[in-house]
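First comes the structure, then the notes that go with it.
The values are calculated or read from the model by the stated rules, or taken from the named source; none is laboratory data. The structure presented is a predicted model; accordingly, all values stated were derived computationally and were not measured. Cβ sites come from the backbone with ideal geometry, for glycine too, and all protein chains shown count toward neighbours. Accessible surface areas use protein heavy atoms only, side chains included; no ligands, DNA or RNA. Shrake-Rupley method; radii C 1.70, N 1.55, O 1.52, S 1.80 Å.
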Amino acid sequence: MASTSDSALAARAKYEPVIGLEVHVQLLTESKIFCSCSTRFGDPPNTNVCPVCLGLPGALPVLNRKAVEFAVLASLALNCRINETSIFARKNYFYPDLPKGYQISQYDKPLAEFGHIDSKVDGGTKRIRITRVHLEEDAGKSLHEGFPDAGEKTAIDLNRSGVPLIEIVSEPDISSPNEAYDYLTRLREIILYTGVSDCNMEEGSLRCDANVSVRPRGRNKFGTKTEVKNVNSFRFIREALEYEIARQVEVIEAGGAISQETRLYNANEGRTYGMRSKEHAHDYRYFPEPDLLPLVVDETWKTQIARQLPEMPEARRSRMVSAFGITEKDALVLTTSRARADRFEEAARAAKNPKRVANLVQSELMGRLKAKGLELEDSPISMRGVAMSADLVESGIISGKILKDLYDQSFERNQDFPEIYEKENPQQISDSSAIEKIVDEVLAANPKQLEQYRAGKTTMMGFFVGQVMKLSKGQANPKLVNELLARKLR
Ligand SMILES: [Zn+2]
């Protein structure tokens, strides 16, 4: 199955994947969507429950205003149109972790529609349309492991029952696993900027299901889709899609047919397994929830909520590129979270040369962080430290070489740059007679290179500068070194 032989690749090229994503995001409210129980993660099982979220007969839901505000905020950030009136509906199905026998969701009149995310893959921009954003409650959690009788029984934790979610449904506009990955990255970034969710995949605050089908290139009609469910990282979603696309192509090429079903991805084996045949909407017997009034978000309320919208990542990137003269790539790295972008901007504004700050973050900081498996947020060198170091180099007080050494020491000792700088107090040699001595030594020791330089190979200049810096242990003032060398070689 799903081999990558030449013939399989050739077959794959004949088909075009069609992918749509459904993302569930948990809203960061303190209480649940229809009752006042706490939403705290990690509490002992079944301690945050009441008649409403246990689904006891006669208990009535009361809508959480904050959940609506968060959902509207997220929808606006995703460029959606907010429907003034939306309707809650019952989605009926039986499952042990759903005590009411139905989930309160929204169906034909969702909170928001017609949004989009601009995804940037392979240098181009592609607009992925968002069909809808709707509000719903989460179900409980079935626990199959860690109990003495787990072999025969399933344990249920209903703390999660009634936790507010938004479901963000995309149009099937995504045509490769890479695009899916980028869409999810952008979506997560946008939601994080709004602050309505922590999007923590390990704790289930962001979950993604992918609908995927393939069709011969150039054909309009969709193929039969499968749904890949409950994959717990973006990387695994990309892998699951790769696998699923190859599998479908192989089935079709062999003369078979794809059956519409839900499939689970096994990350250890890198493959998907069929689980059950997929329900159709009519199986859920949706009908309007009689215990809740239509949800009305009027113009005034919407405007109030819209005022809380922060600058979105894409807009922020463009602004940073023009304000600080940094590259698109710099901006992409520096804006992945609002906190990170805030910190960078603070440093960039404080520093003499913002571009140098961005360069230092990219070249000196990121590499060292990556080697240690750290995020920028955990860096021993703060943005204030980066700004200070940038200024020291900018004004010629320390050389690039000394900066590198000081960064190394910061990482070794886990201390911020200003502390290390104060302790080390590196002295730069700005005494021209001392540097002149080194320059003479270097020229005397490299007659061959000197000859080449005099014969017209002016690029040798870089070599001489390097040698002088090396001999001075990186302490010679680079500007003086260049001046003195130029004078000697004239
Ligand atoms: Zn409750």
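Say whether the condition of being more than 21 Å from residue 485 (Cβ to Cβ), within 42 Å of the chain's Cα centre (by Cα), at pLDDT below 85 and of a type outside the set (A, V, I, L, M) is met by at least one residue in the range 365-376.
Taking every residue of the range 365-376 in turn, at least one turns out to be more than 21 Å from residue 485 (Cβ to Cβ), within 42 Å of the chain's Cα centre (by Cα), at pLDDT below 85 and of a type outside the set (A, V, I, L, M).
Only one of (1) more than 16 Å from the ligand (Cβ to nearest atom); (2) open to solvent by less than 70 Å² (accessible area, probe 1.4 Å); (3) among the charged types (D, E, K, R) is not met by residue 120, so which one is it?
So residue 120 meets the others, but not (2).
Cβ-Cβ distance below 9 Å, separation of 6 or more or different chains: which pairs start in the range 40-67 with a residue that is of a type in the set (Ser, Thr, Tyr) and end on one that is open to solvent by less than 70 Å² (accessible area, probe 1.4 Å) and not in a helix (DSSP H, G or I)?
Close Cβ pairs satisfying both conditions: 47/38; 47/159.
What's the number of the condition residue 84 fails, among (1) away from the ligand (no atom under 15 Å from the Cβ); (2) closer than 25 Å to residue 202 by Cβ?
(2)
Examine the range 164-186 for a residue that is within 16 Å of the ligand (Cβ to nearest atom) and either open to solvent by 40 Å² or more (accessible area, probe 1.4 Å) or on the phi < 0 side of the Ramachandran plot (or both), and state whether such a residue exists. Show your work before the answer.
The initial filter retains those residues of the range 164-186 that are within 16 Å of the ligand (Cβ to nearest atom), namely 164-165.
With the extra rule that they be either open to solvent by 40 Å² or more (accessible area, probe 1.4 Å) or on the phi < 0 side of the Ramachandran plot (or both), the set shrinks to 164-165.
Taking every residue of the range 164-186 in turn, at least one turns out to be within 16 Å of the ligand (Cβ to nearest atom) and either open to solvent by 40 Å² or more (accessible area, probe 1.4 Å) or on the phi < 0 side of the Ramachandran plot (or both).
Would you confirm whether or not the range 146-161 contains a residue that is open to solvent by 10 Å² or more (accessible area, probe 1.4 Å) and aromatic (Phe, Trp, Tyr)?
yes
Residue under question is residue 190, and the condition is that it be open to solvent by less than 20 Å² (accessible area, probe 1.4 Å) and under 18 Å from the mean Cα position of the chain (by Cα); does it hold? Break it down stepwise before answering.
Working: open to solvent by less than 20 Å² (accessible area, probe 1.4 Å): no; under 18 Å from the mean Cα position of the chain (by Cα): yes.
Judged against the criteria, residue 190 is not a match.
Being closer than 29 Å to residue 64 by Cβ, open to solvent by 40 Å² or more (accessible area, probe 1.4 Å) and of a type outside the set (Ser, Thr, Tyr) is the filter here, so list the residues in the range 130-145 that pass it.
Of all residues in the range 130-145, those closer than 29 Å to residue 64 by Cβ come to 130-143.
Going one step further and asking which of them are open to solvent by 40 Å² or more (accessible area, probe 1.4 Å), we end up with 131-132, 141, 143.
Residues satisfying the conditions are 132, 141, 143.
Provide a single number: the residues in the range 9-43 that are among the small types (Gly, Ala, Ser), more than 16 Å from the ligand (Cβ to nearest atom) and more than 25 Å from residue 229 (Cα to Cα).
Taking the range 9-43 as the starting set, the residues that turn out to be among the small types (Gly, Ala, Ser) are 10-11, 13, 20, 31, 36, 38, 42.
Okay, now just the ones that are also more than 16 Å from the ligand (Cβ to nearest atom), so 10-11, 13, 20, 42.
Pick out the ones that are also more than 25 Å from residue 229 (Cα to Cα) and you get 10-11, 13.
Adding up the residues that qualify gives 3.
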